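To start, the structure under review is shown below, and the notes come after it.
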Amino acid sequence: MGAIAIAKASDGVFERLVSGLEGAFGRSAAEGLARHFIEAEGADFYWEARQRERWIGTYERLEEEGEVLDQVAVFGFLDGLFYVAVVLVDAFDGVEALAGLRRFERRGEAERAFESID
């Protein structure tokens with residue numbers, strides 16, 4: 001199955017987070033807090049910032065009998081870097097986990113990495 005371009009406002013996820021924090025904490029503190037939030041809740045931020053996605057299979061949870069998650073390769077741009085990863089999502093696009101996150105300065109390197117995820 002081919003990659004799907006995400007037709008939503010995935011650009012500016014980091015900038016919107018900083019903007020929301022800036023009024024209370026100032027610009028430099030807001031940037032630091034935003035990075036902290038992304039580290040703590042990374043899977044959700046990387047899922048929201050994705051620009052392309054490609055379904056790569058299913059994942060059945062061992063601890064939750066019968067629950068099957070989708071494994072989705074994602075490509076995006078967040079906090080000044082391109083990234084690729086595999087995200088586990090439920091039937092409602094709820095993010096369960098993030099795996100194999102790799103960040104790149106160059107778009108082409110990230111695109112090649114995205115295409116190699118299987």
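Bear in mind these aren't lab numbers, they're just calculated from the coordinates by the rules spelled out. Note that the structure is predicted; figures quoted are calculated from it, not measured. Every residue, glycine among them, receives a Cβ derived from its backbone with ideal geometry; neighbour counts consider all protein chains shown.
Going through the range 77-118, which chymotrypsin sites (Phe, Trp or Tyr not before Pro) have at most 12 other Cβ atoms within 10 Å and a DSSP loop state? Display every interim value, and only then the final one.
Working: sites: PHE77, PHE82, TYR83, PHE92, PHE104, PHE114; in loops: PHE92.
Those that pass, being in a loop and sparsely packed, are PHE92.
Compute the acute angle (0 to 90°) between the alpha-carbon long axis of helix 107-116 and the principal axis of greatest extent of the alpha-carbon atoms of the chain; round to the nearest 10°.
Relative to the chain, helix 107-116 is tipped by roughly 20 degrees.
Semi-axes, largest first, in whole Å: what does sqrt of 5 times each Cα gyration tensor eigenvalue give for the chain? Walk me through the numbers on the way to the answer.
On the way: eigenvalues 139, 64, 26 Å².
So the three semi-axes of the chain are 26, 18, 11 Å.
In units of 2.2 N^0.38 Å, what is the alpha-carbon radius of gyration of the range 79-118? Numbers along the way, then the final one.
Details: Rg = 11.5 Å, N = 40, 2.2 N^0.38 = 8.9 Å.
For the range 79-118, the normalised Cα radius of gyration is 1.28.
For the Cα atoms of the chain, what angle does the longest principal axis make with the long axis of helix 13-25, in degrees from 0 to 90, nearest 10?
Around 40 degrees separate the two axes.
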